[in-house]
Amino acid sequence: MELTVFQVLADPTRRRIIEALRAGEQPVGEVVAKAGVQQSGVSRHLRILSEHGFVAMRADGQRRLYALKPEPFRQIDDWLGHYRALWEARLDRFGAALEKKQQAKRVRQRRKRT
C-alpha cells in the first residue's frame, strides 16, 4: 500500500523525528534521544520517511547522518496554498470586526469621561 504525504506525517513518531531533524543533519543516535523511541523504531520510521522523500541519509565513515529534504514540505505548502486564501479572508473579516468593536469601546469610554 502506498502512503500519501499526509499518511506519512500522521504518525506522531515520524513527526517527532521530523521535529528533531529541523535543527539540521544528525546521526541516528541523536534522533533516538530527541524522539524518545528505541533505535529500531527510529530506524524503521527513518526508512519510511526516506522512501517518501522527507529524509536524506549521508554516510560519514561508520555513521549515517540524516537530514530533512525540502521538496515534500514545498509540496505540502503548495497544496495548502489553495486553502490559504480561504482562511486569510476569514481572518481579515475577523480582524475588521474586532477593530470595529474596539473602536466602539473607545468611543463609549470617551463618552463616559465627558
**Asked** When the chain is treated as a GNM, springs tying every alpha-carbon pair under 10 Å, which of Gln103, Gln75, Gln26 comes out with the largest mean-square fluctuation?
**Response** Gln103
**Request:** Give me the angle, in degrees from 0 to 90, between the Cα long axis of helix 71-113 and the longest principal axis of the Cα atoms of the chain, rounded to the nearest 10.
**Result:** 30
**Request:** Please build a GNM for the chain, connecting alpha carbons under 10 Å apart, and tell me which residue among Glu30, Glu51, Glu88 fluctuates the most.
**Result:** Glu88
**Item:** Relative contact order (%) - the chain, alpha-carbon pairs under 8 angstrom, separation at least six
**Value:** 20
**Message:** Need the list of lysines near Lys34 for cross-linking: C-alpha distance under 26 angstrom, and skip anything on the same chain fewer than eight residues off.
**Reply:** Lys69
**Message:** For the chain, set up a GNM with springs between Cα atoms under 10 Å and report which of Phe54, Phe94, Phe73 has the largest fluctuation.
**Reply:** Phe94
**Prompt:** Hey, of [x] -0.53, -0.97, -1.15, -1.22; [y] -0.45, -0.88, -1.06, -1.13; [z] -0.60, -1.10, -1.23, -1.27, which did the structure itself give for log10 I(q)/I(0) by the Debye sum over Cα atoms at q = 0.11, 0.19, 0.22, 0.23 Å⁻¹ when calculated?
**Reply:** [x]
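Computed from the coordinates by the stated procedures, all read-outs in this text should not be read as laboratory data. Keep in mind that what you see is a predicted model, and the values were worked out from it rather than measured.
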